[in-house]
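None of the figures in this text is laboratory data; all of them are computed from the coordinates on show. All values reported here derive from a predicted model rather than from experimental measurement. For neighbour counting, all protein chains shown are included, and Cβ atoms are generated from backbone atoms with ideal geometry for every residue, glycine included.
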Amino acid sequence: GAGVSQSPSNKVTEKGKDVELRCDPISGHTALYWYRQSLGQGLEFLIYFQGNSAPDKSGLPSDRFSAERTGGSVSTLTIQRTQQEDSAVYLCASSYRTGGFTEAFFGQGTRLTVV
Amino acid sequence: AQSVTQLGSHVSVSEGALVLLRCNYSSSVPPYLFWYVQYPNQGLQLLLKYTSAATLVKGINGFEAEFKKSETSFHLTKPSAHMSDAAEYFCAVTTDGGGGYNKLIFGAGTRLAVHP
């Protein structure tokens, strides 16, 4: 596609359920980022992929959060046993490396509501 | 490790007035710096970026930013605010780490309000 695609755009789930959030980056982009944006907060870094590997997982809030990327393309962010504090907008971004950093392109986000 | 501090979570200006949004960074190696804008209910859009080619960077919609190494700053300015500039603005930093790895770190954001 032309841009970064995230699905679903909105997700309402019950506390304790697991959820999967999907990100389709721009074709050819090797770097992929996940961020969390809570109401009134900035962008909290969660995890970064270069290809299929994740050099930095330091931002994942707890062991309930995990992410994977397959084929150097699609990424899935999984939240197990969701809690109300997980409610936020989850943003994905991708960028293309050519020996120097280039801009990150963002998807529209997935708004997660845990009830 | 790198970090970004944006001074002022909310800034309010009159239409036609100067816009100044402050960003200070911390990085042990030469940084790449960015300003992104987020309009209500939309995703983030790149305004401008500093990648060492020039210290004064011009972006879209009349915005510009100046990289000042001595002050570790990358403040965003616009000479004359428009109502359409009302949005949230994020400063971000990254570095070209060894092996080509890097991560993109954002500040907490500054919400700009423009009033008539």
Debye, to nearest 20: dipole size of segment B:11-116, +1 on Lys, Arg Cβ, -1 on Asp, Glu Cβ
160 debye
Provide the percentage of antiparallel DSSP beta bridges, counting only those with both residues in chain B; round to the nearest 5.
90 percent
Treating only the Cβ of Lys, Arg, Asp and Glu as charged (+1, +1, -1, -1), what charge dipole size does the protein assembly as shown show about its Cα centre? Round to the nearest 20 debye.
100 debye
I need the fraction of alpha carbon pairs in segment A:1-67 separated by more than 13 Å, rounded to a whole percent.
72 percent
For the protein assembly as shown, what is the percent of antiparallel DSSP beta bridges, rounded to the nearest 5?
90 percent
Regarding segment A:45-108, what's the average projected area of the Cα-atom convex hull, expressed in nm²?
5.0 nm²
Estimate the FRET efficiency between residue B:26 and residue B:70 by the formula 1/(1 + (r/R0)^6), using the beta-carbon distance for r and 22 Å for R0, to the nearest 0.05.
0.95
Using a/c under 1.5 as the rounded threshold, could you call the protein assembly as shown rounded, prolate or oblate? The axes a ≥ b ≥ c are square roots of the C-alpha gyration tensor eigenvalues, and prolate needs a/b larger than b/c, oblate otherwise.
oblate
In segment B:1-64, what is the volume of the convex hull around the alpha carbon atoms, normalised per residue and reported in Å³?
120 Å³
Using 7 Å Cα-to-Cβ label points, what is the residue A:13/residue B:115 separation (nm, one decimal)?
4.2 nm
Suppose every K and R has +1 on its Cβ and every D and E has -1 on its Cβ; what is the size of the dipole of chain A about the Cα centre, in Debye to the nearest 20?
100 debye
Work from the charge dipole of segment A:30-115 (Cβ charges, +1 for Lys and Arg, -1 for Asp and Glu, about the Cα centre) and give the residue of A:32, A:72, A:55 farthest towards its positive end.
A:72
Residue pairs, from the table A:17/B:103; B:49/B:78; B:49/B:69; A:11/B:103; A:57/B:78, whose Cα atoms sit over 25 Å apart
A:17/B:103; A:11/B:103; A:57/B:78
